[in-house]
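Written below as structure tokens is the structure these notes are about.
The values are calculated or read from the model by the stated rules, or taken from the named source; none is laboratory data. Remember, it's a predicted structure, so these values are computed and weren't measured experimentally. Here Cβ is always computed from backbone atoms with ideal geometry, including for glycine, and neighbour counts include all displayed protein chains.
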């Protein structure tokens, strides 16, 4: 009783936030023989947990937010840094670009650009795979027409792709669908699936409600279990994934995730933070993306990179 009064008094003084759940009790829910942890505030709201978790599992709003960039005009500050093993910058790009969208086609203007080191090769192509992937997400080369933002019924696939194009597609699948199985990646393809029965042996799944940027959101987090021991090195690829969902529309507002793994022919350690913004009528687009990665693939030189994309001044066709 005394502890409750003390906590309430501190909350009134503003010393503790009202969202602090010092006395909260988590609950365990079993759905389709899979275990989920629900915070007390989620349980109190008496939600349809199964429907909510199914929506989270099948989410396409994260992917659609990036597809929306294909049908909009926008400006972007781009900062890409390639580093050596000591952390020194060996190549970089700092630029401001403007994507134009008119009559169903998009083009891009480079308004400012500063390049250092061997960012480009002698032919003017990217000398590293990380900026090549970045460019495929945020840059436009030439004129591209006929694109849509439709995601319903569409699934990314490496079918028919070879070599570098296949690798880029796998990276995009990893980026847009973290937690989903990706075929064709040796040793880890099935370990990326965070929603199958096997994964639930190694990960904890938690649903909560909290404030994000002034808005109440569902927060769904997936973390490796704390007591895995030596198994962790073999089974864990996703070190964390936290996603904030709008409570009314279930659109992704932000997502942070980190992945790492070491195999005989490659290793990687990457983290990503993505923040979205709503342009109105539930048109969601990414406004900030931060990446930090260190990876090495056989026959390719190791890449250590950080990049930040800041998107703004969105305009509809």
Residues that are assigned to a loop (DSSP other than H, G, I, E, B) and touching a helix residue (DSSP H, G or I) at 6+ places or on another chain (Cβ under 8 Å), drawn from region 280-296:
283
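Evaluate the following for residue 239: is it under 22 Å from residue 37 (Cβ atoms), out of contact with any helix residue (DSSP H, G or I) (no Cβ under 6 Å at 6 or more places or on another chain) and loosely packed, with under 14 Cβ neighbours inside 10 Å? Give the steps one after another, and end with the answer.
Numbers: under 22 Å from residue 37 (Cβ atoms): yes; out of contact with any helix residue (DSSP H, G or I) (no Cβ under 6 Å at 6 or more places or on another chain): yes; loosely packed, with under 14 Cβ neighbours inside 10 Å: no.
So residue 239 does not fit the description; no.
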Search result, residues across region 228-254 that are more than 28 Å from residue 218 (Cα to Cα) and either part of a loop (DSSP other than H, G, I, E, B) or within 13 Å of the chain's Cα centre (by Cα) (or both):
229, 230
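Each row is one residue, and each column tells you yes or no for (1) within 22 Å of the chain's Cα centre (by Cα); (2) in a strand (DSSP E or B); (3) modelled with pLDDT under 95; (4) within 25 Å of residue 293 (Cβ to Cβ).
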residue: 63; (1), (2), (3), (4): yes, no, yes, yes
residue: 91; (1), (2), (3), (4): no, yes, no, yes
residue: 95; (1), (2), (3), (4): no, yes, no, yes
residue: 100; (1), (2), (3), (4): no, yes, no, no
residue: 111; (1), (2), (3), (4): no, yes, no, no
residue: 133; (1), (2), (3), (4): yes, no, yes, yes
residue: 137; (1), (2), (3), (4): yes, no, yes, yes
residue: 151; (1), (2), (3), (4): yes, no, yes, no
residue: 159; (1), (2), (3), (4): no, no, yes, no
Which of (1) within 19 Å of residue 181 (Cα to Cα); (2) in a strand (DSSP E or B); (3) over 11 Å from the mean Cα position of the chain (by Cα) does residue 257 not meet, given it meets every other one?
(3)
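Among the candidates 104, 87, which residue alone is surrounded by 12 or more Cβ atoms within 10 Å (Cβ to Cβ) and at positive phi?
Values: 87 fails: surrounded by 12 or more Cβ atoms within 10 Å (Cβ to Cβ).
Step by step, each of 104, 87 is checked, and only 104 is surrounded by 12 or more Cβ atoms within 10 Å (Cβ to Cβ) and at positive phi.
Of these, 295, 244, which one is more than 30 Å from residue 214 (Cα to Cα), buried (at least 20 other Cβ atoms within 10 Å of the Cβ), without any contact (Cβ under 8 Å) to a residue 40 or more places away in the chain and in contact with a strand residue (DSSP E or B) (Cβ under 6 Å, 6 or more places away or on another chain)?
Working: 244 fails: more than 30 Å from residue 214 (Cα to Cα).
So the residue among 295, 244 that is more than 30 Å from residue 214 (Cα to Cα), buried (at least 20 other Cβ atoms within 10 Å of the Cβ), without any contact (Cβ under 8 Å) to a residue 40 or more places away in the chain and in contact with a strand residue (DSSP E or B) (Cβ under 6 Å, 6 or more places away or on another chain) is 295.
Select, from 125, 118, the only residue that is without any contact (Cβ under 8 Å) to a residue 60 or more places away in the chain, closer than 21 Å to residue 305 by Cα, loosely packed, with under 15 Cβ neighbours inside 10 Å and out of contact with any strand residue (DSSP E or B) (no Cβ under 6 Å at 6 or more places or on another chain). Can you show your working first?
Numbers: 118 fails: out of contact with any strand residue (DSSP E or B) (no Cβ under 6 Å at 6 or more places or on another chain).
On inspection, the qualifying residue turns out to be 125.
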Residue count, region 199-222 (criterion: surrounded by fewer than 16 Cβ atoms within 10 Å (Cβ to Cβ) and under 13 Å from residue 238 (Cα atoms)):
1
Residue match in region 43-50 (condition: more than 24 Å from residue 142 (Cβ to Cβ), at pLDDT 95 or above and out of contact with any helix residue (DSSP H, G or I) (no Cβ under 7 Å at 6 or more places or on another chain)):
no
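Do we find a residue being in contact with a helix residue (DSSP H, G or I) (Cβ under 9 Å, 6 or more places away or on another chain), within 21 Å of residue 130 (Cα to Cα) and either modelled with pLDDT of 90 or more or surrounded by fewer than 17 Cβ atoms within 10 Å (Cβ to Cβ) (or both) anywhere in region 247-255? Step through it out loud before you land on a result.
Just the residues of region 247-255 that are in contact with a helix residue (DSSP H, G or I) (Cβ under 9 Å, 6 or more places away or on another chain), to begin with: 249-252, 255.
Filter again for within 21 Å of residue 130 (Cα to Cα), leaving 255.
Applying the additional criterion that residues be either modelled with pLDDT of 90 or more or surrounded by fewer than 17 Cβ atoms within 10 Å (Cβ to Cβ) (or both) yields 255.
Within region 247-255, one or more residues are in contact with a helix residue (DSSP H, G or I) (Cβ under 9 Å, 6 or more places away or on another chain), within 21 Å of residue 130 (Cα to Cα) and either modelled with pLDDT of 90 or more or surrounded by fewer than 17 Cβ atoms within 10 Å (Cβ to Cβ) (or both).
A quick yes/no check of all residues on (1) assigned to a helix (DSSP H, G or I); (2) free of Cβ contacts under 8 Å to residues at least 24 places away in the same chain; (3) over 18 Å from the mean Cα position of the chain (by Cα):
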| site | (1), (2), (3) |
| --- | --- |
| 41 | yes, no, yes |
| 55 | yes, no, no |
| 68 | yes, no, no |
| 74 | no, no, yes |
| 77 | no, no, yes |
Number of the condition not met by residue 38 [criteria: (1) under 19 Å from residue 310 (Cα atoms); (2) at pLDDT below 95; (3) touching a strand residue (DSSP E or B) at 6+ places or on another chain (Cβ under 7 Å)]
(1)
Evaluate region 165-181: report whether one residue or more is surrounded by fewer than 14 Cβ atoms within 10 Å (Cβ to Cβ) and over 30 Å from residue 104 (Cβ atoms).
no
